[in-house]
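Quick notes on the structure that follows.
None of the figures in this text is laboratory data; all of them are computed from the coordinates on show. Note that the structure is a prediction, hence the values are computed from the model and not measured. Here Cβ is always computed from backbone atoms with ideal geometry, including for glycine, and neighbour counts include all displayed protein chains.
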Amino acid sequence: MACQGERVYDNTVSSLLVLSGNVIVTTVVTDPSKGPGVVSMMDQLTGHVSSLAVFFESSNFAIGVAMLGAESIVAAVEGVDRLVRINLRSGQTIIFSVHAGLSSNVSRHAAIINTPRAIATDAAGAIYIGLSDTDTVEKLSWFGTGTASRALPGPLAGPIVYTQNPLAILVVP
């Protein structure tokens, strides 16, 4: 059943010049074990809905999103343990490469991004990810591309009772 203003997964992006005030929503259209997960942008003034990303593989869906720069979001994708950057203007999707440090490259399916549950960013461009399999919060440095590196030698926090199965992260400005 279609919702009012819904478009089939068309990857159209709102033609508005101003992105501020638009609402990003992540959903699992059916059962989470069957997918697809959808990331949509909704224009509050016109009702236009842009489907930014659709994950067709079984059990892949964006568990959370956060702003990344002025015109992109970063999504934590459940089911494949990865981060995806989505440009709000073009709809271009980039899968992040995550580095463990300055010298070693860790693939997008590595232990650093292991069952992401929560995601946030700060004004400096750092990405914070809450991981339920390791009960930790990781801080990543973002370089303005599809690459991020671990900002610290280990997790920012955890594993402790206060980081167990993190559901939300907010960086207070």
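Here are some notes:
- FRET efficiency for the THR27 to LEU152 pair, using the beta carbon distance and R₀ = 25 Å, is estimated at 0.15.
- Each other residue within a Cβ distance under 12 Å of ILE63 adds +1 if Lys or Arg and -1 if Asp or Glu, for a net charge of 0.
- The length gained by stretching the chain between GLN92 and ALA70 to full extension, at 0.36 nm per residue less their Cα-Cα distance, is 6.5 nm.
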